[in-house]
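*Asks:* Below is the structure I would like to discuss, written out as C-alpha cells.
Since every read-out is calculated from the coordinates, none of them should be taken as a lab result. Everything quoted here is computed from the prediction, not taken from an experiment. Positions of Cβ are backbone-derived with ideal geometry, glycine not excepted, and every protein chain shown enters the neighbour counts.
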Amino acid sequence: MKILVTGHKGFIGQNMVKALKAAGHYVLAFEWGETFPKESLDLVIHLGAISSTSERDVGKVMTQNFDFTVELLETCNSRRIDVQYASSASIYGLGSDFRETATPDPRTPYAWSKLAVDRYVMSRKQANHWNINVQGFRYFNVYGPHEEHKDQPSPFTTFERQAKESGVIKVFQGSDKIYRDFVHVDDVIKIQKRFFMINKTGIWNIGSGIARSFMSIAEEIADQYEAKITVIPMPDSIIKDSYQTYTRADLTWLNMTLSGINT
C-alpha cells in the first residue's frame with residue numbers, strides 16, 4: 001500500500017513509519033504547513049496534532065487539530081483515499097464511563113479539538129457524506145520508543161530515565177491512587193494495521209483495558225534498576241480540574257469489530 005503519514009516526526013509517527021516500512025508499505029511523510037501530495041494514495045494515517053494537554057491557546061489548537069483535520073478529511077474524501085486518524089481518551093475527562101458512546105467530558109483545548117473532529121466525522125457519516133472509510137482511534141496512554149521529546153512522557157519513560165541517571169524515581173504525591181490505561185505503541189500500530197482490511201467508518205478505543213497506578217510502575221522500574229522511590233508534591237503546572245486520575249478503555253466495540261461481528 002502507498003500510505004501517507006502526518007506527524008511522522010512525533011512519538012507515534014516515528015514508530016508507525018518504521019513499522020509500515022518494515023511491513024513493505026511505501027510511506028510518504030507529511031507535516032503541518034506542507035502541500036498535500038498530488039500522487040495517488042491508498043491511505044492517510046493522520047497523527048499530526050498539537051498534542052500537549054497543557055496548551056491553552058484555543059485558537060492555535062483548533063486551527064491545527066480541527067480545521068486542518070477537516071480540510072484533510074475532505075481532500076481525502078474527494079480523492080477516494082481512506083483515512084485513519086488519532087483521537088484521544090482525553091475526551092472522557094473525569095468521567096468513569098469509557099465506552100465510545102459515553103457522554104464526553106473534555107477538560108482541555110486539546111480534548112475539545114479531538115471531540116470536535118469525532119463529532120464532525122460521525123455527523124457526516126449519518127448524512128452519508130463519506131465516500132471513504134474514516135476510522136478514528138481514541139488512544140489511551142500510549143508509551144514506547146521515541147517519546148523522550150514529549151512535554152509529558154509516560155511514567156515508563158520518565159521513571160526509567162530517572163532510575164538510570166540518578167537512581168531515584170520521583171513520583172507525585174497520591175500516585176498510588178492515580179490509575180491509567182497504558183498501551184504500548186507497538187500494540188496500537190498492530191491494531192491499526194488490522195483495520196486496513198475493515199470496511200467501516202467509526203470511532204474505536206485503543207487501550208489495554210487494564211488500569212495501572214503510577215506507583216506500581218515506579219515500583220516495577222525501581223526493582224529492575226535497584227533504584228529508590230521518593231514522593232514529591234504534584235506541580236502547579238498540572239491543572240487539577242482537568243487531570244484524569246482514572247482511565248480504563250472499554251474495548252467491547254473494538255473487539256467486536258476485529259472479530260467481524262456486525263452491529
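*Asks:* Out of these labelled values of Cα extents along the principal axes in Å, (1) 55, 40, 38; (2) 46, 37, 37; (3) 47, 44, 41, which was calculated from the coordinates shown here?
*Replies:* The value matching this structure is (1).
*Asks:* Specify which residue in the list Ser54, Asn15, Ala29 is farthest towards the positive end of the charge dipole of the stretch 1-61, using unit charges on the beta carbon of Lys, Arg (+1) and Asp, Glu (-1), about the Cα centre.
*Replies:* Looking along the dipole axis, the top candidate is Asn15.
*Asks:* How would the stretch 102-154 be classified by its alpha-carbon gyration tensor: rounded, prolate or oblate, with rounded meaning a/c under 1.5 and the a/b versus b/c comparison settling the rest?
*Replies:* Because a/c hits 1.5 or more and a/b exceeds b/c, the stretch 102-154 counts as prolate.
*Asks:* Using a Cα-Cα cut-off of under 16 Å, which aspartates and glutamates could be cross-linked to Lys21, ignoring same-chain neighbours fewer than 8 residues away?
*Replies:* Cα-Cα hits under 16 Å: Asp42, Asp186.
*Asks:* In percent, what relative contact order does the chain have, based on Cα pairs under 8 Å that are 6 or more apart in sequence?
*Replies:* Across the chain, relative contact order equals 19 percent.
*Asks:* Also, quick follow-up: Taking a threshold of 32 Å on the Cα-Cα distance, which of the pairs Lys2/Lys170; Lys18/Lys114; Lys190/Lys228; Lys2/Lys125 fall above it?
*Replies:* Result: Lys2/Lys170; Lys190/Lys228 exceed 32 Å.
*Asks:* May I have the extent of the alpha carbons of the stretch 191-251 along their three principal axes, as whole Å values ordered from largest to smallest?
*Replies:* Computed over the stretch 191-251, the largest-to-smallest principal extents equal 49, 33, 17 Å.
*Asks:* Which three lengths, in whole Å and largest first, does the stretch 134-263 cover when its Cα atoms are put on their principal axes?
*Replies:* That works out to 50, 31, 23 Å along the principal axes.
*Asks:* OK, next. Over all pairs of distinct alpha carbons, what does the Kirkwood formula give as the hydrodynamic radius of the stretch 1-124, in Å? Could the numbers behind the result be given before it?
*Replies:* Values: mean 1/r = 0.0655 Å⁻¹.
Roughly 15.3 Å, rounded to one decimal.
*Asks:* Sticking with this one: Roughly how compact is the stretch 2-69, stated as its Cα Rg over 2.2 N^0.38 Å to two decimals?
*Replies:* Working: Rg = 13.0 Å, N = 68, 2.2 N^0.38 = 10.9 Å.
Against the empirical 2.2 N^0.38 Å value, I get 1.19 for the stretch 2-69.
*Asks:* Where does each of 174-183, 21-30 land if you order them by average Cβ count within 10 Å, highest first?
*Replies:* Values: 174-183: 19.2, 21-30: 13.7.
Peptide ranking by packing, descending: 174-183, 21-30.
*Asks:* Calculate for the chain the 222 nm mean residue ellipticity that helices alone would give, adding -39,500 (n - 2.57) per DSSP H run of length 4 or more and normalising by residue count, nearest 500 deg cm²/dmol.
*Replies:* When only DSSP H runs of four or more count, the value is -10000 deg cm²/dmol.
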